[in-house]
1. If you take the residues in the stretch B:69-94 that are part of a loop (DSSP other than H, G, I, E, B) and more than 7 Å from every other protein chain (Cβ to nearest Cβ), which one is least open to solvent (accessible area, probe 1.4 Å)?
2. Looking at the stretch B:211-228, can you tell me whether even one residue there is away from every other protein chain (no Cβ under 14 Å), out of contact with any strand residue (DSSP E or B) (no Cβ under 6 Å at 6 or more places or on another chain) and open to solvent by less than 30 Å² (accessible area, probe 1.4 Å)?
3. I'd like the residue in the stretch A:43-57 that is more than 13 Å from DNA strand D (Cβ to nearest atom) and open to solvent by less than 50 Å² (accessible area, probe 1.4 Å) and, out of all such residues, is modelled with the lowest pLDDT.
4. Is it true that A:Ala39 is open to solvent by less than 20 Å² (accessible area, probe 1.4 Å) and farther than 30 Å from A:Arg186 by Cβ?
5. Note down all Cβ pairs under 6 Å where the first residue falls in the stretch B:13-31 and is open to solvent by 50 Å² or more (accessible area, probe 1.4 Å), the second is within 7 Å of DNA strand D (Cβ to nearest atom) and not basic (Lys, Arg), and they're at least six residues apart or on different chains.
6. Of all the residues that make up the stretch A:46-68, how many are assigned to a strand (DSSP E or B) and closer than 16 Å to B:Ala74 by Cα?
7. In the stretch A:1-29, which residues are within 15 Å of A:Tyr44 (Cβ to Cβ), near DNA strand D (Cβ under 8 Å from one of its atoms), among the hydrophobic types (A, V, I, L, M, F, W, C) and in a loop (DSSP other than H, G, I, E, B)?
8. Mind telling me which of the residues B:Ile183, B:Ile271, B:Ile264 ends up being away from chain A (no Cβ under 14 Å) and under 21 Å from A:Tyr279 (Cβ atoms)?
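The values are calculated or read from the model by the stated rules, or taken from the named source; none is laboratory data. Remember, predicted model here, so these are calculated numbers, not experimental data. Cβ coordinates were reconstructed from backbone atoms using ideal geometry, including for glycine residues, and neighbour counts include every protein chain displayed. Just so you know, the surface numbers come from the protein's heavy atoms only, side chains and all, with ligands and any DNA or RNA stripped out. Shrake-Rupley method; radii C 1.70, N 1.55, O 1.52, S 1.80 Å.
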Number of protein chains: 2
Amino acid sequence: MKLKDFAKQLGLSKTTVSRALSGYPEVSEVTRARVVEEAVRLGYRPNVNAVRLKTGRVGAIGVVMGRAGEFHFAEFMAGMAERLVTEDTDILVIPMADPEYDAEMQLYKRLAESQRVDAIIMHSPRPNDQRIALLHELGLPFLVHGRSDIDVPHPWLDIDNEGAVRRATSHLIDLGHTRIAMINGRQGATYALHRDIGYRGALQSHGIEIDPQLIANGNFTDEIGFRFARSFLEQPKPPTAFVAGSMMTALGIYRAARSLGLQIGTDVSVIAHDDVFPYLTADNMVPSLTATRSSMRAAGTRCADLVLQLLAGRSPLEIHELWPVELILRESTGPVRTDQT
Amino acid sequence: MKLKDFAKQLGLSKTTVSRALSGYPEVSEVTRARVVEEAVRLGYRPNVNAVRLKTGRVGAIGVVMGRAGEFHFAEFMAGMAERLVTEDTDILVIPMADPEYDAEMQLYKRLAESQRVDAIIMHSPRPNDQRIALLHELGLPFLVHGRSDIDVPHPWLDIDNEGAVRRATSHLIDLGHTRIAMINGRQGATYALHRDIGYRGALQSHGIEIDPQLIANGNFTDEIGFRFARSFLEQPKPPTAFVAGSMMTALGIYRAARSLGLQIGTDVSVIAHDDVFPYLTADNMVPSLTATRSSMRAAGTRCADLVLQLLAGRSPLEIHELWPVELILRESTGPVRTDQT
DNA sequence: ATACTTTTTCAAATCGATTTCAATTTTGTT
DNA sequence: AACAAAATTGAAATCGATTTGAAAAAGTAT
């Protein structure tokens with residue numbers, strides 16, 4: 001059913017029908033009501049591609065997806081979906097061949113030229129991230145989930161990674177720990193850097209020397225958590241506490257500690273960052289996990305919201321949201337054992 | 001840069017340029033070479049929306065996403081992305097307000113009418129799933145990830161859930177277990193039904209009575225695993241083994257067993273289904289988890305592939321793929337303790 | 001050189017909507 | 001009732017490509 005046919009059925013012009021459906025004020029309420037009602041009855045719905053061609057609006061927000069099967073991703077998208085479901089806007093997942101810089105730059109260029117999406121949400125930016133410069137140049141509206149120190153204005157939403165880790169680390173220090181290990185995310189991303197800064201900052205401000213042997217970087221997997229925790233704990237001077245980047249990492253650390261006969265919460269303290277997953281909760285771990293918490297889903301919802309605002313004309317320059325992170329104390333952290341220090 | 005301008009620059013007509021770029025044979029090789037080269041140099045790229053309007057092809061495959069933040073989802077999509085990255089096709093995630101039947105039916109109708117996607121991948125179908133009937137009726141190409149017994153032909157890819165669980169259960173029976181609990185996925189989906197059939201079948205063919213008290217259904221979460229395992233184990237006649245629907249469920253069962261001082265692999269055996277996640281591996285659990293395994297990512301890749309074939313004209317009638325599921329024996333299963341039976 | 005293919009190119013129609021500008025109808029005022 | 005102002009409607013242009021059918025150019029055979 002095309003507009004032309006539909007209009008003919010109603011005995012109206014295409015113009016009037018189109019206006020009635022798009023809510024323009026120049027059409028009488030009685031006509032509009034009739035048009036809307038008949039549209040539902042006859043099942044008329046504008047062809048998206050025609051609308052898109054004419055208006056230049058696509059009705060889709062792009063999210064670039066790397067190969068790594070990030071479990072965060074699904075949560076973030078679920079959050080976006082929550083906001084977008086009422087908006088007639090969908091999410092375009094753009095597969096990226098290689099998480100290589102060049103490939104991604106090309107991808108953005110193509111996206112901008114081909115008008116597949118109205119805006120892009122970019123993840124895990126790096127310090128001085130040239131992708132941001134490119135997006136800015138291309139004029140394609142975008143929002144960064146995370147931040148970059150690049151000298152180009154960009155709208156972003158980020159959580160206070162530095163503050164979160166600083167607090168977590170400080171808390172461990174307050175409990176008497178001095179050998180605190182850090183199993184961070186992959187090197188390169190700003191968030192990993194911020195966490196590193198928070199960690200170092202906390203130690204330094206308490207006059208504790210930083211031991212590079214206690215710092216590791218890697219994917220957010222159980223495997224990484226286990227491997228590094230195990231190797232750290234087998235050092236001559238093992239850590240008495242861990243700060244970890246994710247729940248999965250924490251699972252690995254738990255496993256490593258157990259495998260060495262160490263009790264979490266007494267022999268070894270653990271704090272991890274919790275993105276709040278419906279399927280795995282910090283409170284349910286044994287012992288329950290002390291965590292810095294921030295909902296990934298909520299971030300997705302808000303990012304979608306901000307992008308809509310951006311598209312509605314809000315200035316990108318004023319969009320900067322830094323979300324505080326809660327520290328939830330549970331059983332996995334405890335005072336350092338006096339014979340350990 | 002529009003086709004018109006670009007053609008003018010080259011001194012050719014729009015027709016010839018369009019043909020040259022789309023690889024039609026009616027254009028001389030020397031002209032084509034020039035056009036292609038100049039397109040790259042001048043950065044001309046056809047406007048997708050115009051192409052889509054004209055050709056009726058959208059270049060996107062739709063995946064309906066429920067609210068539940070399924071961790072499988074990201075893996076499946078990562079798999080799809082792997083296949084689609086080389087095609088010029090993207091993934092459209094369609095948010096669904098409520099996982100209600102009616103709402104979803106409406107959604108499919110809207111999708112078909114508005115031509116947002118070329119095809120749809122549908123997840124977790126139910127027995128006699130009317131959504132399949134609807135999609136069939138609408139003429140929107142689709143692929144079902146899973147199966148339904150509905151009396152409408154539909155292309156599908158599924159794993160052998162029944163066989164997997166039958167084997168898992170039989171294995172436990174071979175180890176001497178007779179009180180075997182089943183923590184299945186949410187009731188309603190065909191896969192849950194198939195698993196249930198496999199479970200019951202294995203018990204029955206060994207002459208073991210089915211105890212409804214040992215069967216539970218719920219989301220794939222640590223929480224569900226814990227709660228049911230705990231309540232089962234506290235029964236007067238507790239199970240000595242568990243068959244579980246997911247790794248997360250298994251985590252919960254492990255936790256429940258531990259909380260009751262039971263050793264996994266000796267006091268209680270556990271087999272779970274493993275969708276193969278990069279961040280959490282069955283082999284790394286302690287003790288390592290015996291699992292029925294099938295890669296969700298591979299399924300995503302193959303589903304994307306099949307949809308492309310569908311769009312290329314392959315008959316939906318002949319697309320039925322049933323993937324076998326491996327059973328990987330590890331430490332979480334062992335012979336029943338003789339004092340238990 | 002002519003007639004006839006074959007190859008290459010192009011003008012114009014088309015896809016299905018939105019929107020400008022003009023025409024018509026309705027309402028309000030005197 | 002006459003006229004202006006406001007409200008409503010519609011014809012035609014437009015978005016940027018693809019594709020049909022016709023024409024021009026090149027190639028081949030007589």
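1. As a first pass, look at the stretch B:69-94 and keep what is part of a loop (DSSP other than H, G, I, E, B): B:69-70, B:85-89.
Now drop any that are not more than 7 Å from every other protein chain (Cβ to nearest Cβ), which leaves B:86-89.
Numbers: B:Thr86: 111, B:Glu87: 71, B:Asp88: 105, B:Thr89: 23 Å².
If we take residues in the stretch B:69-94 being part of a loop (DSSP other than H, G, I, E, B) and more than 7 Å from every other protein chain (Cβ to nearest Cβ), then B:Thr89 is least open to solvent (accessible area, probe 1.4 Å).
2. The first filter runs over the stretch B:211-228 and keeps only residues away from every other protein chain (no Cβ under 14 Å), leaving B:211-217.
Retained after the next criterion (residues that are out of contact with any strand residue (DSSP E or B) (no Cβ under 6 Å at 6 or more places or on another chain)): B:211-213.
Now drop any that are not open to solvent by less than 30 Å² (accessible area, probe 1.4 Å), which leaves none.
No, the stretch B:211-228 has no match at all.
3. Residues of the stretch A:43-57 that are more than 13 Å from DNA strand D (Cβ to nearest atom), as a first pass: A:43-45.
Filter once more, keeping what is open to solvent by less than 50 Å² (accessible area, probe 1.4 Å): A:43-44.
On the way: A:Gly43: 85, A:Tyr44: 88.
Residue satisfying both the conditions and the ranking: A:Gly43.
4. On the way: open to solvent by less than 20 Å² (accessible area, probe 1.4 Å): yes; farther than 30 Å from A:Arg186 by Cβ: yes.
Considered against the rule, which asks whether it is open to solvent by less than 20 Å² (accessible area, probe 1.4 Å) and farther than 30 Å from A:Arg186 by Cβ, A:Ala39 comes out as yes.
5. B:Lys14/B:Leu3
6. 4
7. A:Leu12
8. B:Ile271
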